[in-house]
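First comes the structure, then the notes that go with it.
Every number in this text was worked out from the coordinates using simple rules, so none of it is lab data. From a predicted model like this one, the values you see are computed outputs, not experimental measurements. Note: ideal-geometry Cβ built from the backbone for every residue, glycine included; neighbour counts use all protein chains shown.
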Amino acid sequence: MKNLHYYNRHIGDLKQRLKASVDLARVRELHQVRPYRHLLVVARLVFWFVLCGVALWQTRWPWLWAPAAVFQGFNLLGFIILLHEQVHEIVVAPARSRLNRLLGLLYTLPVAMSATQFRIWHLDHHNELGSFQDDPKRAHLSPKINARWYKLLYCTPWLFLKYARSAALEAKCYTPAEQRTISMERMVNIAFHLAFLLLLGMFAGGGAILRVWAIPLMFFFPVAFILNRLGQHYDIDPSDPAKWSTLLEGNPVWHFILLWSNFHIEHHYFPRVPFYNLRALNRELRPFFRQNGIQNHSYSKILWGWFVLNRKAHTEWGMENPGHPAPRTHTG
């Protein structure tokens with residue numbers, strides 16, 4: 001981990017302003033970890049994951065394949081969101097580190113990621129938010145070519161190649177022990193997927209491999225992943241640290257599909273609040289948002305700005321005023 005703490009060194013009095021604008025007793029209450037709430041979400045996600053898998057396996061009702069594949073892509077994203085909770089140690093009590101570690105390993109299986117790499121990567125993202133070089137998400141995953149065709153590549157299987165290269169580059173700054181652990185986790189996950197494909201092919205044939213595994217993971221998971229990412233730090237005001245994340249309140253459908261991960265600015269303000277409390281945290285923060293002119297977005301608006309208006313990542317898109325001449329960029 002880099003531990004350069006760009007974010008804390010550049011946010012000024014943001015933390016004091018936040019504390020002054022919210023009910024601190026209520027916010028402390030929202031930090032309370034309730035493992036049963038997390039496990040209920042896990043049960044719900046696994047239920048839909050299995051149900052979509054069965055719908056994709058069967059051949060009696062082919063009309064189910066398309067909606068099941070789309071929804072399965074979001075289910076796969078859901079396991080990354082569960083992993084995100086594990087990284088912040090807001091699933092079970094931190095003292096139960098072995099259980100926390102086991103959950104992290106289990107949550108990476110469906111998407112074949114390294115739990116250790118994700119932990120380091122994500123905590124570095126929090127610590128270095130605002131830095132072009134040291135925030136790994138911005139340094140490696142944000143498009144450096146501001147062209148629509150290039151942005152659309154991120155919604156295809158190319159995303160896996162991009163992430164693999166990015167992860168390899170970032171891992172060079174990790175300790176040798178961390179690099180060995182990451183390699184082992186990747187090999188185990190790849191072996192798990194190969195074994196699953198072998199069994200699936202033996203019992204159901206190549207068509208089932210395509211429907212159950214390849215299409216949801218390779219084609220619809222990238223779309224879900226990029227949609228979620230666009231609502232995090234792409235339309236921001238680089239001059240104001242309070243606006244380095246995007247406010248996207250969403251609606252109950254998005255809350256269900258994305259497991260409340262649309263509440264991303266709230267998460268960066270208070271990263272130890274569990275995801276099932278983020279909607280309540282959003283309500284507590286609304287006076288702060290109004291006082292600081294932080295505008296709510298929608299996914300349709302974000303997609304319009306990204307693909308149609310072709311705005312650059314991590315800039316102020318100015319979509320409240322269509323005549324805005326150009327987005328404001330970060331010069332620090």
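Annotations for the structure displayed:
- Under 20 Å from a label point set 7 Å out along the Cα-to-Cβ vector of Arg101, the amide N atoms of segment 174-197 belong to 174-190.
- Leu197/Arg44 FRET efficiency (R0 25 Å; Cβ-Cβ; nearest 0.05): 0.40
- Largest mean-square fluctuation among Phe275, Phe79, Phe160, in a Gaussian network model of the chain whose springs join Cα atoms under 10 Å apart, belongs to Phe160.
- Annotation: amide H of Val92 has no partner in the under-5 Å range at sequence separation 5 or more or interchain, hydrogens built in the peptide plane.
- Charged-residue dipole, Cβ positions (Lys, Arg, Asp, Glu), the chain about Cα centre, Debye nearest 20: 200
- Long-range amide H partners of Thr315 with built H, under 5 Å: Ile236
- Segment 86-202: C-alpha gyration tensor shape, a/c 1.5 cut-off, then a/b vs b/c: oblate
- Ordering of 174-181, 295-302 by burial proxy (mean other Cβ atoms within 10 Å per residue, highest first): 295-302, 174-181
- Computed from phi, the 3J(HN,Hα) profile of segment 145-156 under the Karplus parametrisation 6.51, -1.76, 1.60 (θ = phi - 60°) reads 10, 8, 9, 4, 4, 6, 4, 5, 4, 5, 9, 10 Hz, with x in place of Gly and Pro.
- Ordering Leu247, Phe225, Leu56 by the projection of their Cα atoms onto the charge dipole of segment 6-308, which places +1 on the Cβ of Lys and Arg and -1 on the Cβ of Asp and Glu, puts Leu56 at the extreme positive end.
- The ellipsoid that matches the Cα gyration tensor of the chain has semi-axes, each √(5λ) in whole angstrom, of 32, 23, 21, with the longest given first.
- GNM flexibility winner over the chain from Leu303, Leu40, Leu76 (Cα, springs under 10 Å): Leu40
- Note on the chain: dipole from Cβ charges, positive end direction compared against Phe203, Ala112, Gly293; the farthest Cα belongs to Phe203.
- Each peptide among 164-172, 240-248, 281-289 gets the average number of other Cβ atoms lying within 10 Å of its residues, and from highest to lowest they stand as 240-248, 281-289, 164-172.
- Protection proxy ranking for 60-71, 124-135, using the average of other Cβ atoms within 10 Å per residue and placing the highest first: 124-135, 60-71.
- Theoretical FRET efficiency, 1/(1+(r/R0)^6), r = Cβ-Cβ of Arg60 and Thr156, R0 30 Å, to 0.05: 0.50
- Helix-only mean residue ellipticity at 222 nm for the chain, each DSSP H run of n ≥ 4 adding -39500 (n - 2.57), per residue, nearest 500: -17500 deg cm²/dmol
- For segment 219-272, Kirkwood radius (reciprocal of mean inverse C-alpha pair distance, Å): 11.8
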